[in-house]
Amino acid sequence: MKISVIGAGNVGATCAQRVAEKELANEVVLVDIIDGVPQGKGLDMWESAPVEGFDTRIIGTNGYEETKDSSVVIITAGLARKPGMSRDDLRDSNAGIVKGISEQVAKYSPNAKVILVTNPLDVMTYVAFKTTGFKPQNVFGQAGVLDTARYRTFLSMELGISVRDIQAMVLGGHGDDMVPLLSYTTVSGIPITQLVPQERLDEIVDRTRKGGGEIVKYLKTGSAYYAPSAAAVEMAEAVVRDKKRLLPCSAWLTGEFGIKDTYAGVPVILGKDGVEKIVEIELSNNEKAMLNASANSVKENIAQLNI
Ligand code: APR
């Protein structure tokens with residue numbers, strides 16, 4: 001079992017570390033274009049194995065030979081946001097990068113499940129889908145798990161209740177118009193509206209939508225990576241351990257929720273066959289309208305791609 005992580009920057013290196021520490025694969029291959037960086041980070045990580053107690057081998061490289069026959073490829077390569085930038089501002093530069101990488105993934109790992117992390121997420125997932133020519137269930141994006149993790153964290157801070165007891169889902173594109181579902185947010189089954197006043201909930205939803213930007217403002221020279229890598233690795237784990245997790249992921253839609261021909265964040269069942277099912281849950285009219293608007297903005301962005 002081999003997992004490859006493309007991009008050995010903040011998100012990629014942290015993904016590789018999490019995969020190794022969880023022993024999700026026998027081998028993690030970390031690829032980057034910068035000579036020495038994946039090799040150095042990979043070796044450094046491997047040298048933590050005796051202390052952390054894992055047997056996963058970590059190989060750093062600038063090529064794709066070593067990625068051959070990966071079960072899962074996590075693509076994180078590309079530019080990250082700086083203060084004042086939206087995710088969409090990264091579109092054209094990152095599309096070229098993701099396209100080149102996807103060609104190599106298709107060549108060396110034709111049976112891989114491909115998880116996209118590079119932003120703008122839903123658009124980059126489309127680029128990988130088109131370039132690899134893989135079946136749509138094999139190419140999906142990490143966004144909803146991260147957005148939901150942020151939302152659950154903010155609710156936990158508000159209530160002083162364990163994050164484990166807060167169930168929620170955030171759908172839509174990975175942008176400021178994402179759709180946190182209040183109607184499916186509960187604390188151990190108790191509807192959130194019984195525990196948090198609407199006014200505060202509105203503020204928490206707004207903070208969730210701008211959660212990525214909040215971190216960019218603090219960091220100034222880059223964007224978030226601890227929570228994004230945790231989210232991507234949770235998805236990889238669902239695949240390699242065939243967990244059948246029900247998670248919000250960016251998936252190719254063919255009419256589900258009344259949306260087609262675009263990627264957007266929806267509830268899916270993730271297992272060894274990738275996106276094994278898209279789960280069409282009931283939404284309020286307002287949620288439906290928000291999901292549609294969010295998916296339409298992804299679609300418009302895809303239409304402007306120049307690849
Ligand atoms: N092939 C491989 N690696 C590449 C390529 C390429 N063609 N182009 C760039 N990279 C590498 C860079 O050399 C760098 O090491 O991608 C890495 C990106 O790392 P960071 O700049 O640290 O960015 P990071 O925070 O990891 O974010 C990466 O994930 O969450 C998204 O918005 C974020 O799009 C961004 C991506």
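The values are calculated or read from the model by the stated rules, or taken from the named source; none is laboratory data. Bear in mind that the values here come from a model prediction, so they are computed numbers and not experimental data. Methodologically, a virtual Cβ is constructed for each residue, glycine included, from the backbone with ideal geometry; neighbour enumeration extends over all protein chains shown. When the accessible area is computed, the model is the full protein with side chains, heavy atoms only, and any ligands, DNA or RNA have been set aside. Shrake-Rupley method; radii C 1.70, N 1.55, O 1.52, S 1.80 Å.
Yes/no per residue for (1) hydroxyl-bearing (Ser, Thr, Tyr); (2) within 16 Å of the chain's Cα centre (by Cα):
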| site | (1), (2) |
| --- | --- |
| Ile3 | no, yes |
| Thr14 | yes, yes |
| Val37 | no, no |
| Leu43 | no, no |
| Pro50 | no, no |
| Glu65 | no, no |
| Met85 | no, no |
| Asn111 | no, no |
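Taking the range 88-111 as the search range and keeping residues that are touching a helix residue (DSSP H, G or I) at 6+ places or on another chain (Cβ under 7 Å) and touching a residue at least 60 places away in the same chain (Cβ under 8 Å), which one is farthest from the ligand (Cβ to nearest atom)?
Applying the filter and picking the extreme gives Ser109.
Which of (1) touching a Lys or Arg at 6+ places or on another chain (Cβ under 7 Å); (2) assigned to a helix (DSSP H, G or I); (3) open to solvent by 70 Å² or more (accessible area, probe 1.4 Å) is the odd one out, the single condition Arg200 does not satisfy?
All conditions are met except number (1).
Would you call Arg81 of a type in the set (D, E, K, R), over 21 Å from Ala227 (Cα atoms) and open to solvent by less than 40 Å² (accessible area, probe 1.4 Å)?
Numbers: of a type in the set (D, E, K, R): yes; over 21 Å from Ala227 (Cα atoms): no; open to solvent by less than 40 Å² (accessible area, probe 1.4 Å): yes.
Spelling it out, it is not the case that Arg81 is of a type in the set (D, E, K, R), over 21 Å from Ala227 (Cα atoms) and open to solvent by less than 40 Å² (accessible area, probe 1.4 Å).
Can you pull out every residue in the range 1-50 that is touching a Ser or Thr at 6+ places or on another chain (Cβ under 9 Å), open to solvent by 40 Å² or more (accessible area, probe 1.4 Å) and of a type in the set (A, V, I, L, M, F, W, C)?
Met1, Trp46
Take the conditions closer than 18 Å to Leu181 by Cα and not in a helix (DSSP H, G or I) and apply them to Leu247. Does it pass?
It is true that Leu247 is closer than 18 Å to Leu181 by Cα and not in a helix (DSSP H, G or I).
Could you check Val123 against (1) near the ligand (Cβ under 9 Å from one of its atoms); (2) part of a helix (DSSP H, G or I); (3) of a type outside the set (S, T, N, Q); (4) touching a Leu at 6+ places or on another chain (Cβ under 7 Å) and say which number it fails?
Single failed check for Val123: (1).
Output the residues belonging to the range 67-87 that are without any contact (Cβ under 8 Å) to a residue 40 or more places away in the chain and within 23 Å of Lys272 (Cβ to Cβ).
Result: no residue meets the conditions.
Restricting attention to the range 169-225, report how many residues are hydrophobic (A, V, I, L, M, F, W, C) and touching a Phe, Trp or Tyr at 6+ places or on another chain (Cβ under 6 Å).
Residues flagged as hydrophobic (A, V, I, L, M, F, W, C) and touching a Phe, Trp or Tyr at 6+ places or on another chain (Cβ under 6 Å) within the range 169-225 amount to 3.
Go through (1) open to solvent by 50 Å² or more (accessible area, probe 1.4 Å); (2) under 18 Å from the mean Cα position of the chain (by Cα); (3) under 26 Å from Ile3 (Cα atoms); (4) within 13 Å of the ligand (Cβ to nearest atom) and name the single condition Gln137 misses.
(4)
In this structure, is Asp55 of a type in the set (D, E, K, R) and buried (at least 23 other Cβ atoms within 10 Å of the Cβ)? Talk me through it step by step, then tell me what you get.
Values: of a type in the set (D, E, K, R): yes; buried (at least 23 other Cβ atoms within 10 Å of the Cβ): no.
Criteria not met by Asp55.
Looking at the range 171-178, can you tell me whether even one residue there is touching a residue at least 24 places away in the same chain (Cβ under 8 Å), out of contact with any helix residue (DSSP H, G or I) (no Cβ under 6 Å at 6 or more places or on another chain) and of a type in the set (D, E, K, R)?
no
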